[in-house]
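Have a look at the structure below before the remarks.
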Amino acid sequence: MDSALKVNQGVPQPPAINPKAREIIKKRRSRNLDVPALLEGIREGNTPILAQAITLIESTREEDRKKARELVSACLPLSGNSIRIGITGVPGVGKSTFIEAFGKYLTSSGHKLAVLAIDPSSEKTKGSILGDKTRMETLSNDPHAFIRPSPSGGSLGGVARKTRETVILCEAAGFDTIFIETVGVGQSETTVYSMTDFFLLLMLAGAGDALQGIKRGIMEISDLLVIHKADGNNVGKALQARSLYQGALQLFPPSASGWKPLALTASSLEETGLEKILETILDYMRLTKENGFFQKKRAEQAVYWMRESIDYHLLSQFYDNSHIKKILPEMEKKVREGLVDPFNAASELLKKI
């Protein structure tokens, strides 16, 4: 006689040992690799070692700085073979969503993509959420993509201070396309422009005045303006905004690159417009390489970052000076109490170097 009782199959239990334990242990053991070992791992495209090398570059410890300079110098001959694309946009425009959709399109087309996502640091706590990997879940698991969220650290333009060096490492690791996502419009985006070949500005349709919320300077340095979220009932508004923006772009003086900026529409949800965006970027690259602007811009960027490096090291030497460390608190106290003005205080401190 059949029983009314039925034994259901139990829920399979997870293994007692983390299946990725071997990988985790290997990663931990690699934390103290020397420069030749780091370079070898980067050349092989080993992303855990690449991530460790970037952490080394971002370190403020003096011994790490020296090691980082050696590593960047060793990677320089292997760099320079990528398309560097800066991506910014108004708040809520869907930068992370766009990067994931466009990134998947690129990797499916045979490209290797590195995404340097800059998260804003808190002015109060100096902390940062670094949640871009969570927002780009699919791209994070793509073997042909590497996502590195970094805190802006209050740096100009919302770009982490060491992003320039990180680009070099990613190129040495074989990534042919580099995205640099900024914290958004409102910062000085010229910093992003100074380290990228192509600048892409994301916009929304139907968000009030079509030219509200962005600055003329950002539009002037943009090579492509994309009206995002052009799907569903928003398609008509997006096309209308595209026409308006294209007209606005025509009013700007001719670019030194010889390129005429375009306005396009795209939807990450429906994955439309992505092919046209890639075609536009490749057209820009062909034009600027043929007329010499690409090489000239890269050369000027190298000089710019030399000057930025000088400024950073001079500032570091000032605050790391043992004598300055002793007298700075007292001078700050005098400034707070109004006993000395900030300008004379700064002049006195500089004389101590």
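Would you calculate the convex hull of the Cα atoms in segment 301-351 and tell me its volume per residue in Å³?
With only Cα atoms used, segment 301-351 gives 82 Å³ per residue.
Taking the beta-carbon count within 10 Å as an exposure proxy, list Val340, Val93 from fewest neighbours to most.
Numbers: Val340 16, Val93 22.
So the residues, fewest neighbours to most, are Val340, Val93.
What is the calculated FRET efficiency for Leu314 to Arg43, with r their C-beta to C-beta distance and R₀ = 45 Å, to the nearest 0.05? Provide the component values of the computation, followed by the final result.
Values: r = 33 Å, r/R0 = 0.73.
That gives a FRET efficiency of 0.85.
Arrange His144, His323 by Cβ neighbour counts within 10 Å, fewest through most, would you? Could you put the intermediate results ahead of the total?
Values: His144 17, His323 10.
Exposure proxy ranking, most exposed first: His323, His144.
For the cross-link pairs Lys104/Lys260; Lys229/Lys296; Lys66/Lys351; Lys104/Lys237; Lys66/Lys326; Lys162/Lys352, which exceed 32 Å when the distance is taken from alpha carbon to alpha carbon?
Lys229/Lys296
Between Ala302 and Phe343, what is 0.36 nm times their sequence separation minus the Cα-Cα distance? Round to one decimal in nm. Walk me through the numbers before you get to the answer.
Working: separation 41, 0.36 × 41 = 14.76 nm, distance 3.23 nm.
Result: 11.5 nm gained on full extension.
In square nanometres, what is the average projected area of the Cα convex hull of segment 45-100? Numbers along the way, then the final one.
On the way: hull surface 23.2 nm².
Taking the Cα atoms of segment 45-100, their convex hull projects to 5.8 nm² on average.
Need the list of aspartates and glutamates near Lys289 for cross-linking: C-alpha distance under 14 angstrom, and skip anything on the same chain fewer than eight residues off.
Within the straight-line cut-off, Lys289 pairs with Asp197.
Using the count of nearby Cβ atoms within 10 Å as a rough guide to exposure, how do Met219, Met203, Met285, Met306 rank from fewest to most?
Met306, Met285, Met219, Met203
Select from Val335, Ser322, Ser347 the residue farthest towards the positive end of the dipole of segment 301-351; place +1 on Cβ of Lys and Arg, -1 on Cβ of Asp and Glu, and compute about the Cα centre.
Result: Ser322, furthest along the dipole toward the positive end.
By average Cβ neighbour count within 10 Å, what is the ranking of 227-233, 328-334, 105-111 from highest down? Walk me through the intermediate numbers first.
Values: 227-233: 19.9, 328-334: 13.1, 105-111: 15.0.
Ranked from most to least packed, the peptides come out as 227-233, 105-111, 328-334.
What number results when the radius of gyration of segment 25-74, computed over Cα atoms, is divided by 2.2 N^0.38 Å?
Values: Rg = 10.0 Å, N = 50, 2.2 N^0.38 = 9.7 Å.
In units of the globular-protein estimate, segment 25-74 measures up at 1.03.
Placing +1 at every Lys and Arg Cβ and -1 at every Asp and Glu Cβ, with all other atoms neutral, what dipole size does segment 25-74 have around its Cα centre, in debye to the nearest 20? Intermediate values should be presented prior to the final figure.
Numbers: 11 positive and 8 negative charges, 44 e Å.
Computed charge dipole of segment 25-74: roughly 220 debye.
Bear in mind these aren't lab numbers, they're just calculated from the coordinates by the rules spelled out. Given the structure is predicted, the values throughout are model-derived calculations rather than measurements. Note that we place each Cβ from the backbone using ideal geometry, even for glycine, and neighbour counts take in every protein chain shown.
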